[in-house]
Structure formats: C-alpha cells, structure tokens
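Heads up, the thing below is written out as structure tokens.
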Amino acid sequence: MYENCGGCIYRQLDLSVYQKQKEQKVRALLEENLGHLENIWETPVFLPDGTRRRAAFAFKMKGKELVFGFNESKSAEIEDIKHCDMLTSDINAVLENVRALIKKLCAVEKVSSKKGKKTTLQRITSGDLQISKVQNGLDIVLEADVDLSLDHRFEIADFMNENEKVIRFSFRKKHAWEAEPVVQKTRPFITIGKTNVFVSAGDFLQPSKEGEETLIGLVKKYVGETGGKTADLFCGVGTFSYALAELEKTSVLAVDTNKSLLENFQKSVDAQMIPNIKIMQKDLFLYPLSKEELEDFEVVVMDPPRAGAKQQAQELCKIENTKRPRKIVMVSCNPITFARDAKILIEGGYILKKITLTDQFVYSDHSELVALFTNEK
C-alpha cells in the first residue's frame, strides 16, 4: 500500500535513513540556488508519526463497491485506505463509520427534473471528504457534485447521532464554494497559544498541532524581541498573528484573500478582545502590499501557499533601505518557490541569516521551511 499511496512514498525506509535523505535533498536544492548555508542551516525538526490532524480523502463507486482513500502517487487512481499511520487515533477510529456513511449516501437516488424535461435520477458516485481534528472533536466536509436531498440529510443526521466525537458535518458541491453546515453540535475551535480560535468548515489548518506549535515557536524565535509594526501576510486563520500580538509593544496587520476566513478571524479577535490585530482582505498574488504600504514596518512574516510570494518579495525589495523592515520571517511549504523568493530578497539587499527545515509529513516528499532575513540599515 505505501508504495502506491501518494502520502507515504518513503515509509519503506528506516526512519533515520529517511530523515537524513530528506535533509540532504532540501539542503542541496537550496544551496544550488542560494550558495553554501554554513552557519545558516539549523538542526531540522522531525515530527513523530500519528500526529496529522487534517486529511483530504477521495472516494468513488466502482460498481457496487466503494473505493475510499488517498490518490496514488502521481495518479488520479485512489488507493483504498482503512487505516493511516500518519493520522491521529481519533481520525483513524472514525474511518470505518465514515466509509459506511458514504456508501449509504451513494445509494440514495435523488429525483431531478427541469421544467418541460423528463425526470431523471441522480446519485453521488464520487467526491472528496475532508476530516479535521480540532480541539473539541472532529470536523467533516463532504464535497460532491449533487445537491443533497432530504434522504441524504437523514443519513448524515443518523451518522452524527451515532458518532459522538464528530461535532460538525458540512457539505459543498465544489471546492471553491463555501461549505454549508448540515449538522453542527457545537462550534469547532483550535487553540493557538492562549487563544481559542473558532474555525469555519473547510478552513486551512496546519497539518498537525505539533507542527503548528513548532512553526509558531520558530517564528517567535526569529522575531525575537523586535517589536513594533508587524505584518502577517497570507495570515490564514491567524496562526502567527495571535502569537505575534502577544509580543510587547507590537501591533499586527494580518492580510489574506479569503473573505469568509477573515470574517471568522475578526469574530475571534473581537471575542477575545485583542486590540492590536488589524485584519485586511487583499489578494497578495494580484495586489501585493506596495512599498509605500510596507514602509516603516519593523517585521514582516510571510506564509504563502505553494506558489510562493514572488510579487510580495519584489515589493519588499523596492523599499528604501532606511524604511525597510528589520526582519522578514518566511514560512514556506515549497522549497522550490522558497529558493526563488529568497533569491529575490537576497539580490534586493536582505541578508539570509537562518533556515530551519520542519517535517510535518512523515515519510513524504513534502518539506516546510522557516527562514530569517535581516536588513542592515
């Protein structure tokens, strides 16, 4: 199974061999683009198995049989999964019941008709399902290109009654759409530092609680005692904003593009009465913060998606040297785009001081980096 599954392609290796290979591969890629990293490369952080709290499954009916699991490596085929060593025990414990629910939902025939046209029957035959372990239970989002009927909703309600740890079940027809809660027992939340953060259905979370705490710790370490105006770009649910707001004499501008995510973030900030976080909606790929908007910020933290932050890095290089941020901390889930963006910053006059590899996806080809850049004014 592990040879085919797209998530654990190196699980056949001894753990120490795998970790050494991953470190060597990422460091070699960076040194090819950025030069030698002596006194810059810090000891990597390798997280344990069984800690991943978020997983996106695919499913498909093949005749009367349901295939439910992860996509095979470099393929649209689905590797059937009944247990995954990467996932938390809470998620693994509910997989059998989730599988049974999907099979029931796929068996429901939905009557569909358009005015003046013949009535047809529709069924769910394929889709995706996301499970997230939050602080107070499990949060599930089903995605399938069929409107839910009353019978679908009855099946989901029965599932929720029988599975105490599942606290919300939501549905959407397409990935880009906002998910509709079908049954919600209580509001799901995660804890970031000292703050309880409520999450909307389908919100992006760091893959593991342990990984989230590691990344926050590294960002705080690299920011150090540098306070003042701080920008948290590609802020998401506010993973770093909350931690940065706890620093003395610090005000945080948190920026992201997702409207519903930011609305939830704002509600959480208001509920916690955090006065020094200001939230802005902006597509940083199309409209990065300009050099004028970033002048006189002391710290900029960036955590872009896999596409990186090329445009934003270019804007940071346009700022007059005396008005540049003292520190830029970049968190990246893609070493290739990190190397590109880091090169832009270095050629623009910033100095790369530290890099730490963080491995949240055990036995995978996926790596995350946290890096510190400084400006010598």
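Values in this text are rule-based calculations from the coordinates and carry no lab data. Computed from a predicted model, the values in this text were never measured in an experiment. Don't worry about glycine lacking a Cβ; one is built from the backbone with ideal geometry, like all the others, and counts go over all protein chains shown.
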Holding the Cα-Cα limit at 26 Å, pick out from K64/K110; K133/K194; K25/K174 the pairs that are longer than that. K25/K174
Value of relative contact order over region 54-185, rounded to a whole percent, pairs C-alpha under 8 Å and six or more apart: 20
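Arrange the following residues from fewest to most other Cβ atoms within 10 Å of their Cβ: I167, I140.
Working: I167 20, I140 27.
Listed from fewest to most nearby Cβ atoms, that is I167, I140.
So how much slack lies between E210 and D147, counting 0.36 nm per residue of separation and subtracting their Cα-Cα distance, in nm? If you can, show how the numbers build up before the last one.
Working: separation 63, 0.36 × 63 = 22.68 nm, distance 3.70 nm.
19.0 nm is the gain from fully extending E210 to D147.
Is the shape of region 36-80 best called rounded, prolate or oblate, per the rule: a/c under 1.5 gives rounded, else a/b larger than b/c gives prolate, else oblate, with a ≥ b ≥ c the square roots of the Cα gyration tensor eigenvalues? Spell out each step's value before the answer.
On the way: a/c = 5.86, a/b = 2.74, b/c = 2.14.
It comes out prolate by the Cα gyration axes.
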What net charge is computed for the residues neighbouring I167, neighbours being all others with C-beta under 11 Å from the C-beta of I167, Lys and Arg scored +1, Asp and Glu -1? +3
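Which whole-number percent gives the relative contact order of region 133-228, counting Cα pairs below 8 Å spaced six or more residues apart? It would help to have the intermediate numbers written out before the result.
Values: 118 pairs, mean separation 24.8, N = 96.
For region 133-228, the relative contact order is 26 percent.
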Can you tell me how much longer the chain between E38 and K173 gets when fully stretched, taken as 0.36 nm per residue apart minus their C-alpha distance, in nm with one decimal? 43.6 nm
A28/T226 FRET efficiency (R0 41 Å; Cβ-Cβ; nearest 0.05): 0.85
Determine the distance separating the Cα centre of region 238-298 from the Cα centre of region 125-151; give it in Å without decimals. 29
In a shell of Cβ-Cβ distance under 9 Å around T239, excluding T239 itself, what net charge do Lys and Arg (+1) and Asp and Glu (-1) give? -3
For the chain, whose charge dipole is built from +1 on Lys and Arg Cβ atoms and -1 on Asp and Glu Cβ atoms, the candidate among A243, S260, I274 with its Cα farthest towards the positive end is S260
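I want to verify the translational diffusion coefficient of region 54-185 in µm²/s; compute it with Stokes-Einstein, Rh as the Kirkwood radius over Cα pairs, at 20 °C and 1.002 mPa s. Walk me through the intermediate numbers first.
On the way: Rh = 15.5 Å.
Translational D for this selection: 138 µm²/s.
So for C8, C317, fewest C-beta neighbours within 10 Å to most, what's the order?
Numbers: C8 22, C317 15.
If I rank by nearby Cβ atoms, fewest first, I get C317, C8.
Before anything else, pin down the relative contact order of the chain: Cα pairs under 8 Å, at least 6 apart, normalised by residue count, whole percent.
Working: 757 pairs, mean separation 61.4, N = 377.
Relative contact order here is 16 percent.
What shape does the chain have by the C-alpha gyration tensor, where a ≥ b ≥ c are the square roots of the eigenvalues, rounded means a/c under 1.5, and otherwise prolate means a/b greater than b/c and oblate the rest? Write out the running numbers ahead of the final one.
Values: a/c = 2.09, a/b = 1.58, b/c = 1.32.
In terms of gyration-tensor shape, prolate.
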Near K291, which aspartates and glutamates are there with a Cα under 12 Å away, not counting those fewer than 8 places off in the same chain? E315, E320
Given K62/K173; K60/K259; K229/K318; K221/K267; K22/K327, the pairs whose alpha carbons are separated by over 23 Å: K60/K259; K221/K267; K22/K327
For region 269-377, rounded, prolate or oblate, judged on the Cα gyration tensor with a ≥ b ≥ c (square roots of eigenvalues), a/c < 1.5 rounded, else prolate if a/b > b/c? oblate
